[in-house]
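Asks: Structure below; questions to follow.
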Amino acid sequence: MKIALIGYGKMGKMIEQIALDRGHEIVSVIDIDNQQDFESDAFSSADVAIEFTNPTAAYGNYLKAFSKGVKVVSGSTGWMKDHAADVKRLCSEEGNTLFWASNFSIGVAIFSAVNRYLASIMNQFPQYDVEMEETHHVHKLDHPSGTAITLADEIVERLDRKQGWAEDTTDPAQLRIDHIRRGEVPGIHTVRYDSEADLITITHDAHSRKGFALGAVLAAEYTHQHQGLLTISDMFHF
């Protein structure tokens, strides 16, 4: 498979190595200093582009890739509020393909399935209150993390006693999310259900970014054979 990389930071370099190890070809690498390469024949030859940049650049990168007929796998967060409807239209009505996930880790996909199941069970036991904590490296400026938001949305959807989520809240109708920034932590997400009798905790603790990078390459392999607006739930059926 021919892969283009959009964004060449730590994650992009790790994705490159894993893709090469799995027998794929990197035909184009685009970063902030060579945006003109979106117009190159090399980029147009890609079967899939893997995009890890930032919320302000992601949507524009999708449009550039789609204009060249290149499918996109993206882990960039923050663009959905303003552009979700247009991206959905581009995929459903105009034949483009985007595989988007807030987190590509296989472990997080499994953790998310456990989170959904546990929340469904806990809907029957109102004596348990729920809160979440996410920890990341000091270079991560946004909070809460995209993964935390996804996990929180899954809980709120299944718990009748929660109407939404918020940071630093004391409102019992809101799921509280706390964030911690320290060191070079790749990512830790913890969900706690606490009652007077006991505490139930589930945690995903990433040892490195390798799990995220491998998941992105697996998503590219899946995207190569599928089309439309795709998510982790399409690739993994838990």
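The values are calculated or read from the model by the stated rules, or taken from the named source; none is laboratory data. Just so we're clear, the structure is a prediction, and the values are computed from it rather than from any experiment. Positions of Cβ are generated from backbone atoms using ideal geometry, with glycine treated the same way; all protein chains shown enter the neighbour counts. Areas reflect the complete protein model, heavy atoms only, side chains present, ligands, DNA and RNA absent. Shrake-Rupley method; radii C 1.70, N 1.55, O 1.52, S 1.80 Å.
Asks: Explain nothing, just the number: relative contact order of the chain, from Cα pairs under 8 Å at least 6 residues apart, as a whole percent. Intermediate values should be presented prior to the final figure.
Replies: Numbers: 434 pairs, mean separation 53.0, N = 238.
Computed value for the chain: 22 percent relative contact order.
Asks: Using only the alpha-carbon atoms, what does the chain span along each of its principal axes? Please give whole angstrom values in decreasing order.
Replies: Principal axes ranked by extent give 63, 40, 29 Å for the Cα atoms.
Asks: Got the relative contact order for the stretch 24-135 handy, in percent, Cα pairs under 8 Å and 6 or more residues apart? Don't jump to the answer; show the numbers that get you there.
Replies: Numbers: 90 pairs, mean separation 20.4, N = 112.
Value for the stretch 24-135: 18 percent.
Asks: Hey, got the dipole for the stretch 106-215? About the Cα centre, +1 on K and R Cβ, -1 on D and E Cβ, debye to the nearest 20? Each step should come with its number before you reach the end.
Replies: Numbers: 11 positive and 18 negative charges, 97 e Å.
That gives the stretch 106-215 a dipole magnitude of about 460 debye.
Asks: Carbon and sulfur together cover what percent of the accessible area of the stretch 1-145 at a 1.4 Å probe radius? Kindly include the intermediate steps, with their values, before the conclusion.
Replies: Working: 3640 of 6910 Å².
Its accessible area is 53 percent carbon and sulfur atoms.
Asks: Same structure, new question: How tilted is helix 146-158 with respect to the longest principal axis of the chain? Cα atoms for both, answer in degrees (0 to 90, nearest 10).
Replies: Around 50 degrees separate the two axes.
Asks: Compute the signed sum of charges (Lys and Arg +1, Asp and Glu -1) over the other residues within less than 14 Å, Cβ to Cβ, of Gly107. Mind dumping the intermediate values first?
Replies: Numbers: positive: Arg209, Lys210; negative: Asp205.
With Lys, Arg at +1 and Asp, Glu at -1, the neighbours total +1.
Asks: Going by alpha carbons, how many degrees (0 to 90, nearest 10) lie between the helix axis of 210-224 and the longest principal axis of the chain?
Replies: Value to nearest ten degrees: 60.
Asks: Sticking with this structure for a sec: For the stretch 14-119, what value does the Rg/Rh ratio take when both radii are computed over Cα atoms and Rh is the Kirkwood radius, given to two decimals? Working shown, then result.
Replies: On the way: Rg = 15.2 Å, Rh = 15.2 Å.
Result: Rg/Rh = 1.00.
Asks: Another question, if that's okay. In Å², and per residue, what accessible area does the chain have when probed at 1.4 Å with the other protein chains present? Numbers along the way, then the final one.
Replies: Details: 11790 Å² over 238 residues.
Ligands and nucleic acids excluded, the result is 50 Å² per residue.
Asks: Also, quick follow-up: Within the stretch 1-96, report the GluC sites (Glu not before Pro) that DSSP leaves as loop and that have at most 14 other Cβ atoms within 10 Å. Don't jump to the answer; show the numbers that get you there.
Replies: On the way: sites: Glu16, Glu25, Glu39, Glu51, Glu93, Glu94; in loops: Glu93, Glu94.
Taking the stretch 1-96 and a limit of 14 other Cβ atoms within 10 Å, the loop GluC sites (Glu not before Pro) found are Glu93, Glu94.
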